[in-house]
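Written out below as structure tokens is the structure these notes cover.
The values are calculated or read from the model by the stated rules, or taken from the named source; none is laboratory data. Being a predicted model, the structure only gives us computed values, none of them experimental. A quick note on method: Cβ atoms are made from the backbone with ideal geometry, for glycine too, and the neighbour counts reach across all protein chains shown.
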Amino acid sequence: MSDKSFFDVSRRVFNLLLVLGVILGLFWVFRIYEIWNSVSGNYAREITVEAQGNAYVVPDTAVIQLGVTTDGEDSATVVDENTETMNAVLAAIKALGIEESKIKTIDYYLSPKYEYDDEGNYAENGYTLSQSVEVRLTDFELIGQVISAGSDAGANSIGSVSFELENPETAKAEAREEAVNRAKEKADQIVEASGLNLGKMVNYYEYSSDGYYPVYDMSYSEAVGKGGESPEIAPGEQEVNLTVSLTYQIR
């Protein structure tokens, strides 16, 4: 190898090592800067306070689920019998003056039934069809009548009775105001107890859970189907909960 070729190779190696050295040096400069920042306290300092607000309102909508379950040897017969019974249930409900738009099918499921022997073998043994409807009411005096009329017409499943708010935003606004005030009070207490100085609020978060389900005695479905009295179901009050989190900078 000539002296010129050797010199060219050496220069390339030197340049490569120089570039690697610069990159490694920059890395450690930034790393030391980050460590210095964390040690010296030059980083964002924040504190988050959380509080819950509550509002109590009377629900304005009742939701009732009624169903018909039919068993039989062949699917066509099962479908016909179930449809006939459900049509009778719907007619009985509409006869109470309930609009068709307040009634909705929520479940329709046809499946084979199986019979098992002692050895674990199985074979089809007919079909079962379950169909359910949901009835929404604003007149709570009709709740018991709907259950009674539906059961008398052939409904053999009372899924649930629940109460809702058609527009929960008013109640949520009341709960939100209470939650925010409580969170601010908590922040003030922390400042007074710790001596911290809080800056501006930099983050706000809220979450809530909705829904109210009163206890319903399922034995009513059998009693009503045998001519028992219509059940009396009271909506009571619905508690709307809303939790907020406020994040402040620490100065």
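Side notes on the structure shown:
- Residues located in the stretch 109-148, provided they are small (Gly, Ala, Ser) and either within 18 Å of residue 65 (Cβ to Cβ) or surrounded by 15 or more Cβ atoms within 10 Å (Cβ to Cβ) (or both): 126, 130, 132, 144, 148
- The condition (being touching a residue at least 60 places away in the same chain (Cβ under 8 Å) and either closer than 23 Å to residue 89 by Cβ or among the acidic types (Asp, Glu) (or both)) is satisfied by just one residue among 134, 169: 134.
- The stretch 42-86, residues that are crowded, with 18+ Cβ neighbours inside 10 Å, aliphatic (A, V, I, L, M) and in a helix (DSSP H, G or I): 78, 86
- Selection of the stretch 87-118 for residues being among the charged types (D, E, K, R), at pLDDT below 90 and part of a strand (DSSP E or B) yields 113, 115.
- Figure legend. Inter-residue proximity from the stretch 179-208: first residues in the same structural domain as residue 245 (by TED's automatic domain parsing), second residues among the β-branched types (Val, Ile, Thr) and not in a strand (DSSP E or B), beta-carbon distance below 7 Å, spacing 6+ or different chains. Indicated pairs: 196/190; 198/191.
- The stretch 174-197, subset modelled with pLDDT under 90 and in contact with a strand residue (DSSP E or B) (Cβ under 8 Å, 6 or more places away or on another chain), residue nearest to residue 241 (Cα to Cα): 190
- Yes/no for residue 171 being farther than 21 Å from residue 70 by Cβ, at pLDDT below 90, among the small types (Gly, Ala, Ser) and in the same structural domain as residue 238 (by TED's automatic domain parsing): yes
- Index of the failed condition, residue 106 passing every other in (1) in contact with an Asp or Glu (Cβ under 9 Å, 6 or more places away or on another chain); (2) in contact (Cβ under 8 Å) with a residue 60 or more places away in the chain; (3) under 12 Å from residue 67 (Cα atoms): (2)
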